[in-house]
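The values are calculated or read from the model by the stated rules, or taken from the named source; none is laboratory data. Bear in mind that the values here come from a model prediction, so they are computed numbers and not experimental data. Backbone-built Cβ (ideal geometry, glycine too); neighbour counts: all protein chains shown.
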Amino acid sequence: MSLEEISHLLYQIKLADQKIVQIFEENIGISLTRYEIMMRLKEENPLLQSSLQEKLQIDQGAVTRHLKVLEANGYVSRQRNPQNNREVYVALTEKAQKKIKHCEMDHKDTGSVLSPAFSDVEMKQFLTLLDKLNTQLCNITTETKEVNNNGTKK
């Protein structure tokens, strides 16, 4: 692909991302990142804040900001580990569990934003391609950091 084609592809992905996130947040009433935090906590509750940061691949400050908002809304509670004061456990509240169930029911009632655009098979293929792309980008990022830190590629 030429640089122009790559640029156009990336720009189209950016536009689609902005539109999808806006629609998602309007329908759910929570930012996509905060909803993802709640989903990770639904899978593993409680969870260390540092583990949550790693799973979501976002920086510590961003996780803290999102958790403060979720905590203020009564969706999560945070508690320091008594054995290691530097560790913070994050847990979903009952209010959050009800919110998640409500969101899931609304989703079933209204259908997916992407349903008209993609079949279930196409959605699975799309997700596979995105996972593959993200994995490759993580590898490139890791290689770039190694070069920058050492001056040579490992």
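Determine the pairs where a residue that is touching a residue at least 12 places away in the same chain (Cβ under 8 Å), located within the range 6-31, has a partner that is of a type in the set (Ser, Thr, Tyr) and surrounded by 11 or more Cβ atoms within 10 Å (Cβ to Cβ) with Cβ atoms under 7 Å apart, the partner being 6 or more residues away or on another chain.
Filtered contacts from the range 6-31: 28/35.
Counting residues that are outside the structural domain of residue 16 (by TED's automatic domain parsing), under 25 Å from residue 21 (Cα atoms) and at pLDDT 85 or above, which helices (runs of 4 or more DSSP H) fully inside the range 37-154 reach at least 2?
Result: 120-150.
Looking at (1) closer than 23 Å to residue 138 by Cβ; (2) surrounded by 15 or more Cβ atoms within 10 Å (Cβ to Cβ); (3) of a type in the set (S, T, N, Q), which is the only condition residue 93 fails?
Of the numbered conditions (1) closer than 23 Å to residue 138 by Cβ; (2) surrounded by 15 or more Cβ atoms within 10 Å (Cβ to Cβ); (3) of a type in the set (S, T, N, Q), the odd one out for residue 93 is (1).
For residue 106, work out the one condition from (1) surrounded by 11 or more Cβ atoms within 10 Å (Cβ to Cβ); (2) under 25 Å from residue 138 (Cβ atoms) it doesn't fulfil.
Exception for residue 106: condition (2).
Return yes when residue 52 is under 21 Å from residue 131 (Cα atoms) and in contact with an Asp or Glu (Cβ under 7 Å, 6 or more places away or on another chain) and no when it is not.
no
Could you tell me which of the residues 30, 23, 13 is loosely packed, with under 15 Cβ neighbours inside 10 Å, out of contact with any Pro (no Cβ under 8 Å at 6 or more places or on another chain), closer than 19 Å to residue 102 by Cα and hydrophobic (A, V, I, L, M, F, W, C)?
Step by step, each of 30, 23, 13 is checked, and only 23 is loosely packed, with under 15 Cβ neighbours inside 10 Å, out of contact with any Pro (no Cβ under 8 Å at 6 or more places or on another chain), closer than 19 Å to residue 102 by Cα and hydrophobic (A, V, I, L, M, F, W, C).
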